[in-house]
Amino acid sequence: MNEQEMIGLYENVATITDQMLAAARVGDWDRLATLEVRCADQVKILKTSDAPAPLTGTARERKVQIIQKILSDDREIRNLTEPWMAHLAKLINSTGTERKLNNAYGAAQA
């Protein structure tokens, strides 16, 4: 993989994380999950590709900028999804507790 191809893959990841952030902002969790799969596919390509010679100059600076953007988007996505995940966990636990109570005491009322 040459420098341009590598930078292109990083840019693809940045574009996808930007779309993920947009989905998280509007609470479109299905779209976010779909985009996560696409992002993981691009990252896998980056991890498994033959690395070019170390980047220098403009290409290296661009890679750093892209990674900073990806990390910033990721941080904001986490800030948006963590409260939702906590709420979801609470709902699941509540439903599980309700089911246990029904199983334990519901049968006795019948």
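What follows is calculated from the coordinates using simple rules that are stated; it is not laboratory data. Nothing here was measured: the structure is a model prediction, and the numbers come from that model. Here the Cβ is made from the backbone with ideal geometry for all residues, glycine too, and neighbour counts use every protein chain on show.
Report the full-extension gain for the segment TRP29 to MET85: residue separation times 0.36 nm, less the Cα-Cα distance, to one decimal in nm.
So the extension gain works out to 19.1 nm.
Percent of Cα-Cα pairs more than 20 Å apart in the stretch 3-109, please.
Roughly 55 percent, once rounded to a whole number.
Mind checking the dipole of the stretch 3-109: about its Cα centre, +1 per Lys or Arg Cβ, -1 per Asp or Glu Cβ, Debye to the nearest 20?
380
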